[in-house]
1. Does at least one position in the stretch 71-82 carry a residue that is at pLDDT below 80 and under 16 Å from LEU16 (Cα atoms)?
2. When both residues are 6+ apart or on different chains and their Cβ atoms are under 6 Å apart, which pairs have a first residue that lies in the stretch 77-90 and is part of a helix (DSSP H, G or I), and a second that is at pLDDT 90 or above?
3. So which residues in the stretch 95-107 are buried (at least 17 other Cβ atoms within 10 Å of the Cβ) and assigned to a helix (DSSP H, G or I), if there are any at all?
4. Open to solvent by 40 Å² or more (accessible area, probe 1.4 Å), of a type in the set (D, E, K, R), farther than 20 Å from MET108 by Cα and at pLDDT 85 or above, is that true of GLU37?
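The values are calculated or read from the model by the stated rules, or taken from the named source; none is laboratory data. These numbers come from a predicted model, not from an experiment. Reconstructed Cβ throughout: ideal geometry from the backbone, glycine too, with neighbour counts over all protein chains shown. What goes into the accessible areas is simple: the full protein's heavy atoms, side chains included, and nothing from ligands, DNA or RNA. Shrake-Rupley method; radii C 1.70, N 1.55, O 1.52, S 1.80 Å.
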Amino acid sequence: MNKPVSHFNRSPLYRLIVLQFIATLSMGVICSLVSFEAAYSAFLGGLVFMLPNALLIYKAFFAIEVGSARKIANSMYVGEAIKFGLTAVLFAGVFVFVTPLSAFPLFMTFFIVLMINSLSPLLVGRLNDS
């Protein structure tokens, strides 16, 4: 049965998104010690990963109907394709429309949030223990 979105705030996926947002804000604060440009570049780097990832999480885990494994797998594949395309569009948009831009904080924050997502099986297990 499809869980309503109201259960989302107690799920490990919600905690993962919150952890990614905290990491993004933290990197923005740390980079603000260098310059305002580095701070907003870092924040944008985190958002470029978080927005498509949040959309994938919603599409794959909360907007699917109970059905065959094939339907669920197809939903995951479509969600990943949308995530990949949206990430590319967001990166292009940042590079085209945001000037000045500091590339190192942008990519560093993107990478850190990506690593949090990649290590989520370990992190979610620890978050569930607390």
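1. no
2. These pairs meet every condition: LYS83/PRO52; LEU86/PRO52; THR87/PRO52; LEU90/VAL48.
3. Within the stretch 95-107, PRO105, LEU106 meet the criteria.
4. Spelling it out, it is not the case that GLU37 is open to solvent by 40 Å² or more (accessible area, probe 1.4 Å), of a type in the set (D, E, K, R), farther than 20 Å from MET108 by Cα and at pLDDT 85 or above.
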